[in-house]
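For reference, the structure discussed in these notes is given below.
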Amino acid sequence: MSPAAILQGRPLMTDLTDLTLAGLRDALKSKEASAVEATQAYLDRIDAAGALNAFITVTADKARAMAEASDKRIAAGEAGPLEGVPLAIKDLFCTQGVRTTAASKILEGFTPDYEATVTANLWRDGAVMLGKTNLDEFAMGSSNETSYFGPVVSPWRRAGSDAKLTPGGSSGGSSAATAARLCAGATGTDTGGSIRQPAALTGTVGVKPTYGRCSRWGTVAFASSLDQAGPVARTVRDAAAMLRSMAGPDAKDSTCVDRPVPDYEAAIGRSVKGLKIGVPKEYRIDGMPDEIETLWSAGVDWLRAAGCEIVDISLPLTKYALPVYYIVAPAEASSNLARYDGVRYGHRAGEYGDVTSMYEKTRAEGFGAEVRRRVMIGAYVLSAGYYDAYYLRAQKVRKLIADEFVKAFADVDLILTPSAPSAAFALGERSDDPVSMYLNDVFTVTGNLAGLPGGSVPAGLDADGLPLGLQLLARPFDEETLFTGLYALEDAAGFSARPDDWWR
Amino acid sequence: MAIDKDTVRKVAHLARIDTPEEALEPLAEEISGILQWIEQLMEIDVEGVDAMASTVETALPMREDVLQDGPTGGGQPDRIVANAPKTEDHFFVVPKVVE
């Protein structure tokens with residue numbers, strides 16, 4: 001806080017970065033703090049947090065300019081719903097004039113001349129961009145270890161250990177930055193769990209809305225029928241405020257639905273009394289730590305105590321969801337990533353012969369190992385002779401899984417599950433075995449296949465002091481009930497742990 | 001289903017990813033491992049089930065067939081080639097494709 005501010009008799013805040021997004025927004029609106037001060041406070045924290053590698057690009061000058069403009073709008077009484085709130089943007093959203101990498105070498109030198117609809121919506125509502133966060137390359141990963149720019153280090157550590165842990169993935173820069181208070185909130189994208197799993201591993205709130213709620217225009221595509229943007233935030237209220245701005249119809253994306261966006265914050269604090277909560281027995285998997293099982297039971301007890309009716313349900317096809325995903329997502333990725341040919345943007349190999357060798361060398365140099373593997377699996381399952389056996393069969397099983405949810409939601413309002421099968425693991429611990437890495441998304445991927453909205457809230461700590469999350473899934477386009485339920489869990493869990501600033 | 005080195009070579013070419021000979025065998029092992037795990041899908045009876053390509057069941061919106069404003073509109077060659085690794089005037093430069 002500046003001396004001038006103190007002279008003006010405003011309450012002295014110890015640190016603006018300790019406020020929640022909603023708290024900061026309200027403080028800015030009532031002029032207890034300025035957007036420039038808040039933005040500088042976050043930029044200072046980002047400066048000191050290089051060890052986390054959460055950002056690929058910091059846009060300090062742009063952030064200060066946006067904050068100044070916000071302060072002017074606040075003074076003029078023209079403040080938007082997120083006016084002056086400093087956010088971090090996953091580096092999968094194209095930002096006009098700011099390099100966009102998808103954490104891949106193949107996009108080297110790419111500076112979009114246009115703005116993604118989701119980020120444009122945030123700027124329309126007054127938010128300030130601090131920078132672009134790190135992620136798994138093309139969002140393909142669950143630990144942020146496939147990034148061309150190196151892994152993100154979680155701000156969390158096991159008690160008594162300085163081993164570097166994963167912040168989850170693929171939105172690992174966004175989850176780490178939010179947990180370490182390097183931003184008031186961050187955007188993420190979720191194709192198989194890439195918002196909810198990193199949120200669970202970092203003690204933050206992550207919400208993937210219904211497929212079609214947020215426009216995908218200007219977001220680097222991974223798997224088009226599964227990709228959906230959403231917020232990573234400190235509280236359920238913060239996530240609701242962000243999603244309200246991010247979501248909405250867009251003529252530039254024909255899969256983005258033409259529906260009005262409700263005031264999600266109004267759903268927070270509504271009574272959950274009488275809501276029916278489904279608890280699927282198939283989400284009890286082998287090898288899941290007892291602590292997660294115990295936390296799940298606690299979640300059931302909290303919701304029951306709040307007046308919910310608990311219903312045991314069965315989703316027998318659950319175990320097939322990940323195999324379906326690992327056909328559908330690579331197939332769509334191999335098609336989407338065909339555009340990286342070294343001709344129109346990004347990296348081109350230095351030495352090549354004919355045009356085919358230019359493509360092949362460019363893509364071999366530009367894509368990392370996980371991306372190459374998935375693109376090849378995609379090409380395989382789409383190739384003549386295998387299309388029916390793999391791709392078509394996977395699409396049919398996807399239909400059966402989606403139908404199972406339709407049936408379940410005829411009887412229940414929300415489904416409660418753990419968010420991830422384990423707490424954060426150490427960097428390098430699981431990178432040798434792709435399938436064991438893929439299993440991270442076992443509880444979240446069904447929501448993508450069926451297009452359902454889902455969210456993770458921090459609900460407790462394991463014996464090592466690491467955060468664990470609980471997930472709720474809701475009916476398509478019923479994000480309001482989702483937010484009501486998530487807030488009830490947040491309120492009952494009373495999660496207040498935060499990592500100490502060991503990196504400073 | 002396990003896939004062999006020759007299949008990996010073929011798939012790498014389909015995907016236009018230059019893959020050195022010594023990388024083919026390890027890739028065949030990795031991809032076979034993933035495919036074996038995926039094989040469980042063969043247990044499910046999918047007779048008569050519709051293939052699902054999207055969760056959004058809406059008719060595609062139609063618009064007038066006219067040039068759009070903004071970056072998807074026409075008449076802005078400078079912006080179109082701005083990010084290209086190799087250009088000449090307003091053309092993308094690639095190796096000769098027609099003899």
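Within region A:255-269, if we keep just the residues that are crowded, with 19+ Cβ neighbours inside 10 Å and not acidic (D, E), the residue that is farthest from the other protein chains (Cβ to nearest Cβ) turns out to be A:I268.
The test for being within 25 Å of the chain's Cα centre (by Cα) and more than 30 Å from B:F91 (Cα to Cα) holds for A:P289. Residues in region A:13-34 that are among the basic types (K, R), surrounded by fewer than 22 Cβ atoms within 10 Å (Cβ to Cβ) and in a helix (DSSP H, G or I): A:K29 alone. When you look at A:I292, is it aliphatic (A, V, I, L, M), in a helix (DSSP H, G or I) and at the interface with another protein chain (Cβ under 8 Å from one of its Cβ atoms), yes or no? It is false that A:I292 is aliphatic (A, V, I, L, M), in a helix (DSSP H, G or I) and at the interface with another protein chain (Cβ under 8 Å from one of its Cβ atoms). Of the residues A:G131, A:G188, A:G126, the single one that is part of a loop (DSSP other than H, G, I, E, B) and in contact with a helix residue (DSSP H, G or I) (Cβ under 9 Å, 6 or more places away or on another chain) is A:G126. Taken together, the criteria place A:R157 among residues that are in a loop (DSSP other than H, G, I, E, B) and closer than 22 Å to A:W503 by Cβ. Yes or no: region A:161-175 includes at least one residue that is in contact with an Asp or Glu (Cβ under 6 Å, 6 or more places away or on another chain), surrounded by fewer than 24 Cβ atoms within 10 Å (Cβ to Cβ) and in a loop (DSSP other than H, G, I, E, B). No, because not a single residue in region A:161-175 is in contact with an Asp or Glu (Cβ under 6 Å, 6 or more places away or on another chain), surrounded by fewer than 24 Cβ atoms within 10 Å (Cβ to Cβ) and in a loop (DSSP other than H, G, I, E, B).
I'm checking my understanding of the structure. Among residues of region A:381-396 that are surrounded by fewer than 24 Cβ atoms within 10 Å (Cβ to Cβ) and either touching a strand residue (DSSP E or B) at 6+ places or on another chain (Cβ under 9 Å) or within 7 Å of chain B (Cβ to nearest Cβ) (or both), which one is farthest from B:D45 (Cα to Cα)? Ranking the candidates gives A:S383 first.
The number of residues in region A:35-80 being among the aliphatic types (A, V, I, L, M), more than 24 Å from A:M246 (Cβ to Cβ) and outside any helix (DSSP H, G or I) comes to 3.
For region A:324-353, give me the residue count where each residue is of a type in the set (A, V, I, L, M), without any contact (Cβ under 8 Å) to a residue 60 or more places away in the chain and within 7 Å of chain B (Cβ to nearest Cβ).
1
Scanning region A:304-328 for residues that are part of a helix (DSSP H, G or I), surrounded by 13 or more Cβ atoms within 10 Å (Cβ to Cβ) and either aliphatic (A, V, I, L, M) or in contact with a Pro (Cβ under 8 Å, 6 or more places away or on another chain) (or both) returns A:T318, A:A321, A:L322, A:V324, A:I327, A:V328. In region A:397-433, the qualifying residues are those that are within 11 Å of chain B (Cβ to nearest Cβ) and within 18 Å of A:L165 (Cα to Cα), and the one that is surrounded by the fewest Cβ atoms within 10 Å (Cβ to Cβ) is A:D432.
Residue count for region A:144-168 under the criterion of being touching a helix residue (DSSP H, G or I) at 6+ places or on another chain (Cβ under 7 Å) and under 19 Å from A:A179 (Cα atoms): the result is 9. Restricting to region A:354-380, name every residue that is more than 25 Å from B:P95 (Cα to Cα), without any contact (Cβ under 8 Å) to a residue 60 or more places away in the chain and more than 7 Å from chain B (Cβ to nearest Cβ). Residue satisfying the conditions is A:G378 alone. Here region A:100-109 is the region considered, the condition is being within 10 Å of chain B (Cβ to nearest Cβ) and surrounded by fewer than 21 Cβ atoms within 10 Å (Cβ to Cβ), and the residue that is farthest from A:A338 (Cα to Cα) is A:G109.
The helices (runs of 4 or more DSSP H) found entirely in region A:368-449 that carry 1 or more residues being closer than 30 Å to A:E108 by Cβ are A:369-382, A:434-438.
Between A:A474, A:A450, A:A410, A:A423, the distinction of being under 27 Å from A:R158 (Cβ atoms) and aliphatic (A, V, I, L, M) belongs to A:A423 only. Looking at the structure I just gave you, is A:S224 without any contact (Cβ under 8 Å) to a residue 12 or more places away in the chain, of a type in the set (S, T, N, Q) and touching a Ser or Thr at 6+ places or on another chain (Cβ under 9 Å)? No; evaluated as a whole, the condition is false for this residue.
Just so you know, all these numbers are worked out from the coordinates, no wet-lab data involved. These figures come from a predicted structure and were not determined experimentally. Note that each Cβ is placed from the backbone with ideal geometry, even for glycine, and that neighbours are counted across all protein chains shown.
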